[in-house]
Amino acid sequence: MKLFPGSPFAPLLLCLIATVPHAALAANAFPDWIVQAAGTSLPSYPSTVGAVVLLDDRLVTVAPDGRATERERRVLKILRPRGRQYAEIVAGYSKDEKLDFFHAWSIGPDGHQFIVKDQEVHDEALGQWGILYDDLRARTVTPPGADPGGIIAYEVQRHVATYGALEETWSFQREIPGARWILEVDLPPNWNHYEAWLHHAPLAGSEIAPNHWRWELNNIPGIDLTDVPMAPSPSALAARMVVHYSAANLPVGDQRWTEIGNWYDTLASNRTEAPKEIAAKSLEVGGAADFKARIQGIAGFMQREIRYVGIEIGIGGLQPHPAADVFKYRYGDCKDKATLLIAMLNAVGVRATWVLVDTHRGFIDPALPSIEGNHAIAAIEMPAGYSDPELRAVVTARSGKRYLIFDPTDTYTPIGLLGFHLQGGYGILVAGNESQVIKLPTLAPDADTLVRTASFALNADGTLKGTVTETRSGEAARHYRRLYNEEGEKQQHEDIERRLQRDFSSFTLDANSAQNAREMNKSVVLEYSFTANGYGQSSGDMLLIRPRVLGHDARPYNDKPRMYPIDLGETGTWRDTIDVALPADYVVDDMPAPVDLDVGFASYKSDVKAAGNVLHYSREFVVRELDLPPEKSADMSKLMGVINSDESSSAVLKKK
């Protein structure tokens, strides 16, 4: 599904169409607004800031029929060498995003003015993962003088393809700071509008002409995540505003969410019509009497048989293809796959609908009604009173209906669970007049588990040899389901070697295998054996070894003051049980102390014991929450410090 209408973190990515002459601008003109912006007095920025937006001035003009044009001017100054990455202008275009004009200029660090000529602009396709064909192309150019002290500027005017969703997003905060941001919306007489804000105090617009509204902001800081560990997506942190406009009365807040869902329902609902071929296949794979068996059968068919391949042209970035076409050709993008899933479930008596989401948790927020998002998944209505411990990803709507959230694009997450990138976020439940924004579930820690057991033998020369068995479920299994279904033995071997390289400087992977990688209702069991030379470090008559042996729970963190939330990534439970048989002439002389820390959102404990000639290490790491406020930074630092210390601690073996 295309991001609609545009990502706030593509600073110079525009929706334009091929360059044509602008009769109002002489060929040798250099606009005053660029010169004026170039003279902006700037504060002192940290050394991490490579560039600054001096001016972003946008004018949206809406015609009485609802069609709109957008004129944007931007002036950017490069401050440091790293800022050169912002010098490239990428002007995307499509058949529905007509361009009236596009011009680019620059001022070199020496003050020389440049006007970009048409022959300096390149045309190319905008590639997207999994998209076989779309109508998105781009005109790209890097103006001369793109060095520290240089100025890059452009002006564009385009027609806006709203497809009936009458809204304008003002993304006025990026990863680099902005000195001046202006938005103007010129509406027809008697039209209505309202704006919603996120991560910024609301600012009333000024009516500078009849129903012509203007907002201006100054000195907006950038989203600088340099040296910020475990940071959320910058898209979720950025401040923005959405202006909704209409000739009719506009609902606000929750009612606006309902209207958006209703709009999409009208756009997509006729695409779920199922011919007899779909009904027959649905009964074949999902004709069981039990609800869970029915949805598992159809979900399995979607995951095994329908490839992710997108064809998105114009409104096809929002409207799914008919379910009949997706079924016939056995491919589709996310909204296509959700549509076929809905059609097949309907055929066996199970109601389902779309949920419009974004893969950057936090980007969709209840405070900011908008159609913006980049993904579509499904909500499957649960029968009244039905429950099953394997169906965990359940939410309850305002209507009281319970829905199982499922992503048919996610090939290797079983139905009943939900990928970590979607958990805890929000989405638009498309349900006609019952449409609403819903919070997606955060799964309990026991839904994502790794149980690692290992048995090793240590020789007196420090060589370690043994076998590891990892039983993985939920998110912990997804990567290995893909690896052992889609990749060959070479890639499987190399994947495990990359993990072992974190713990051993010299080793040989002797064997590896996986069980249940194709069986979604079973845990993946991964087994591998290896020999590590020099694992035990000799010091006189002693050997030093790390009881943990392998596996990492610690994540990079620091004690710097924090202003952004902490993203833990996923909830889960990860356990290790590791035995090391010691050389016959060695005994344990010293061992690390036990660890037991619980900070509420997570806990970690470990223990090392000696029994006979075996050193036994065990630990458990549990993460219960996905996101933390910055105030929890000290607790996170303490937790990561404890884990780091435990993972690097050594036991001392001494000759008898």
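The values are calculated or read from the model by the stated rules, or taken from the named source; none is laboratory data. All values derive from a computational prediction rather than experimental measurement. Positions of Cβ are generated from backbone atoms using ideal geometry, with glycine treated the same way; all protein chains shown enter the neighbour counts. Just so you know, the surface numbers come from the protein's heavy atoms only, side chains and all, with ligands and any DNA or RNA stripped out. Shrake-Rupley method; radii C 1.70, N 1.55, O 1.52, S 1.80 Å.
Summary table below
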item	result
Distance between modelled label sites at HIS212 and HIS199, nm, 7 Å Cα→Cβ extension	3.2 nm
Contour excess over end-to-end distance, with Cα ends at ALA593 and ALA611 and 0.36 nm allotted per residue	4.9 nm
Reciprocal of mean inverse Cα separation for the chain (Kirkwood radius, Å)	28.1 Å
In sequence order, calculated HN-Hα J values of the stretch 499-514 (Karplus, 6.51, -1.76, 1.60; Hz; x Gly/Pro)	5, 5, 5, 6, 10, 9, 7, 9, 7, 10, 7, 8, 6, 7, 7, 9
The chain, relative contact order [Cα under 8 Å, separation at least 6], %	10 percent
Inter-part distance where the stretch 450-480 and the stretch 151-183 are each reduced to a Cα centre, Å	51 Å
For the stretch 399-472, fraction of C-alpha pairs farther apart than 20 Å, in %	54 percent
Cα convex hull volume per residue for the stretch 271-350 (Å³)	74 Å³
In degrees, nearest ten, helix 276-286 long axis to first principal axis of the chain (Cα)	30 degrees
Greater than 20 Å apart at Cα, pairs in LYS609/LYS654; LYS276/LYS337; LYS77/LYS98; LYS605/LYS638; LYS98/LYS335; LYS401/LYS439	LYS77/LYS98; LYS98/LYS335
Spin-label pair GLN491/ARG555, simplified geometry with 7 Å Cα→Cβ offset, distance in nm	2.6 nm
Cβ-placed point charges (K, R +1; D, E -1), dipole of the chain about Cα centre in debye, nearest 20	600 debye
Structure-based [θ]222 nm, the chain - -39500 (n - 2.57) summed over DSSP H runs of at least 4, per residue, nearest 500	-5500 deg cm²/dmol
Phi-based couplings in Hz for the stretch 245-255 (Karplus 6.51, -1.76, 1.60; Gly and Pro marked x)	9, 6, 6, 8, 5, 9, x, 10, x, 4, 5
Between 0 and 90°, nearest 10: helix 291-305 axis offset from the chain longest Cα axis	80 degrees
Normalised alpha carbon radius of gyration of the stretch 431-519 [divisor 2.2 N^0.38 Å]	1.57
Cα centre as origin, Lys/Arg/Asp/Glu Cβ charges: the stretch 43-166 dipole, Debye	320 debye
For the stretch 254-384, size of Cβ-based charge dipole, Lys and Arg +1, Asp and Glu -1, in debye	460 debye
Farthest toward positive dipole pole in the chain [+1 Lys/Arg, -1 Asp/Glu at C-beta], among VAL116, PHE530, ALA393	PHE530
Summed side-chain charge close to ALA204 - residues other than ALA204 whose Cβ falls under 13 Å, Lys, Arg +1, Asp, Glu -1	-2
Helix axis angle, 633-648 relative to the chain longest principal axis, alpha carbon, degrees	40 degrees
Probe 1.4 Å, accessible area per residue of the stretch 373-491, Å²	37 Å²
Calculated FRET value between THR69 and SER41, using beta carbons and R₀ = 30 Å, to 0.05	0.40
Estimated vicinal HN-Hα couplings, Hz - the stretch 421-429 in sequence order (Karplus 6.51, -1.76, 1.60; Gly, Pro = x)	5, 9, 4, x, x, 10, x, 9, 6
Dipole-positive endmost among GLN296, VAL437, VAL623 within the chain (Cβ charges, Cα centre)	GLN296
Residues whose placed amide H lies under 5 Å from that of PHE30, excluding near-sequence neighbours	none
Low-density loop positions, trypsin sites (Lys or Arg not before Pro), the stretch 483-551 - DSSP coil, at most 16 other Cβ in 10 Å	ARG502, ARG518, LYS522
As computed over the stretch 294-410, the Cα convex hull volume per residue (Å³)	121 Å³
